[in-house]
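First comes the structure, then the notes that go with it.
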Amino acid sequence: MAEEKPHCKVVLANSIVKNLLEEVHDGLKKINKKPLLVGFLSSADPAARVYAEWTGKTCSENGFAFELREVDRELLEDALIDANNDPKVDGIIVYYPIFGSRQDQYLQQIVDVSKDVEGLSHRYIFNMYQNIRFLDPQNTKKSILPCTPLAVIKILEYLRIYNTILPYGNRLHGRTVTVINRSEVVGRPLAALLANDGACVYSVDINDVQQFTRGEGLRKRRHEVVEKPGWTLEDCLPLSDVVISGVPGDKYKVPLHMLREGAVCINFSSERNFRPEVKEKASIYVPAIGKVTIVVLLRNLLRIVQNKIDEEAAGNEEKSSEEKTVQATS
Ligand SMILES: NC(=O)C1=CN([C@@H]2O[C@H](COP(=O)(O)OP(=O)(O)OC[C@H]3O[C@@H](n4cnc5c(N)ncnc54)[C@H](O)[C@@H]3O)[C@@H](O)[C@H]2O)C=CC1
Ligand SMILES: Nc1nc(=O)c2c([nH]1)NC[C@@H]1CN(c3ccc(C(=O)N[C@@H](CCC(=O)O)C(=O)O)cc3)C=[N+]21
């Protein structure tokens, strides 16, 4: 008897983006202005330019203004300060890598928190690792999450890996996820976010394996990390419901022989980290997520603009009540 084709569902970014865009459009209707995002391109990396071009395209298609500023990297610091001080600029994104060293982190921190749509400012990253979800004690202003990790989370929600029968904050309880990449911009924050939401996460990089969890019964408030001495990716794969890979370069391929039957596989690298044969074993395969990342970026920009509007309204209220007090006493 002839064998049938394997039953793997390939999920493309477009279908995931649709829902998120609706949310963004609704949000945009509620504010009566066109937010301005400014992108700074000082990177020689072709991936950065492509990403910048997509950002521009997605902005203009969805009611956001985008301005690309190509700046010599030695002049970037001053250009960022100018944009911080310019009230017309709502959000700032700096494309990486620039120097490819710690200087990139320094430049990242120059961007004013109130304009940081990528969510890589220290305050936002601190809140994320500490599992602090709001910016104010009244829990009205949600903190900003880093774009690519948040895009992966939105994908996992779309795929129903998040179990909505469980309370918010614990919806990955019982899931085991492997993340191959532990960079400070994607892999490590992603592992922390997933573990904060209740997952058991194996974080794999070129050197070692670490496990991120909230402990047995999710007793801990936030994730903790333990080293797994002697472990390799091969030990993690058979245990994992979800495998997320983001290794740069076209050489790297996730070994498929140890992959669990029916696993969910997601690639966020610019190159394909999974061979086409992944479809023989996986139940769901997401080959690229870049488009989701950009829509999440717009969602962050909207949130920043909303937070600013709310703050100004609160400030005005305070002022007018002060005025009243002054009037009453004079
Ligand atoms: N789809 C999206 O929205 C985004 C995609 N990217 C893409 O993701 C990729 C990674 O970007 P970054 O995290 O910034 O890169 P990076 O170079 O900072 O980090 C790479 C990570 O992969 C690990 N790694 C390298 N070789 C490995 C191996 N053989 N086995 C296991 N781990 C290995 C490294 O240890 C490191 O943790 C790039 O292709 C980049 O273009 C980056 C940002 C957003
Ligand atoms: N500040 C900053 N933030 C970034 O997020 C950032 C950056 N700098 N510099 C450059 C890298 C690169 N990057 C990618 C985006 C999408 C794909 C991606 O998934 N591309 C798909 C195509 C599009 C799709 O279908 O999703 C593909 O190559 O097949 C990869 C890589 C973001 N980056």
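Brief remarks follow.
- Counting only strands (runs of 3 or more DSSP E) that sit wholly inside region 16-99, those with at least 3 residues that are touching a strand residue (DSSP E or B) at 6+ places or on another chain (Cβ under 6 Å) and away from ligand 1 (no atom under 14 Å from the Cβ) are 36-41, 65-70.
- Test: residue in region 249-257 that is more than 9 Å from ligand 1 (Cβ to nearest atom), part of a helix (DSSP H, G or I) and without any contact (Cβ under 8 Å) to a residue 12 or more places away in the chain: no
- Summed over region 74-98, the residues that are within 18 Å of residue 304 (Cβ to Cβ) and away from ligand 2 (no atom under 15 Å from the Cβ) give a count of 7.
- Among the residues of region 141-162, just one is surrounded by 19 or more Cβ atoms within 10 Å (Cβ to Cβ) and basic (Lys, Arg), namely 154.
- Matching strands (runs of 3 or more DSSP E) fully within region 177-227 where at least 1 residues are buried (at least 23 other Cβ atoms within 10 Å of the Cβ) and modelled with pLDDT of 95 or more: 200-204, 209-213
- Region 269-306 - residue that is touching a helix residue (DSSP H, G or I) at 6+ places or on another chain (Cβ under 9 Å) and under 18 Å from residue 256 (Cβ atoms) and, of those, nearest to ligand 2 (Cβ to nearest atom): 287
- Qualifying residue in region 109-127 (condition: among the basic types (Lys, Arg), part of a helix (DSSP H, G or I) and modelled with pLDDT of 95 or more): yes
- Of the residues contained in region 2-10, none is found to be crowded, with 18+ Cβ neighbours inside 10 Å and within 22 Å of the chain's Cα centre (by Cα).
- Residues (aliphatic (A, V, I, L, M) and under 17 Å from residue 185 (Cβ atoms)) located in region 67-98: 92, 93, 94, 98
- Residue count for region 272-312, restricted to those that are within 16 Å of ligand 1 (Cβ to nearest atom) and in contact (Cβ under 8 Å) with a residue 24 or more places away in the chain: 19.
- Residues within region 92-109 that are open to solvent by 20 Å² or more (accessible area, probe 1.4 Å) and touching a residue at least 40 places away in the same chain (Cβ under 8 Å), tallied: 3
The values are calculated or read from the model by the stated rules, or taken from the named source; none is laboratory data. Everything numeric in this text was worked out from a predicted model, so none of it was measured. Don't worry about glycine lacking a Cβ; one is built from the backbone with ideal geometry, like all the others, and counts go over all protein chains shown. Ligands, DNA and RNA are stripped out before the accessible areas are found, and what is left, the full protein with its side chains, is counted by its heavy atoms. Shrake-Rupley method; radii C 1.70, N 1.55, O 1.52, S 1.80 Å.
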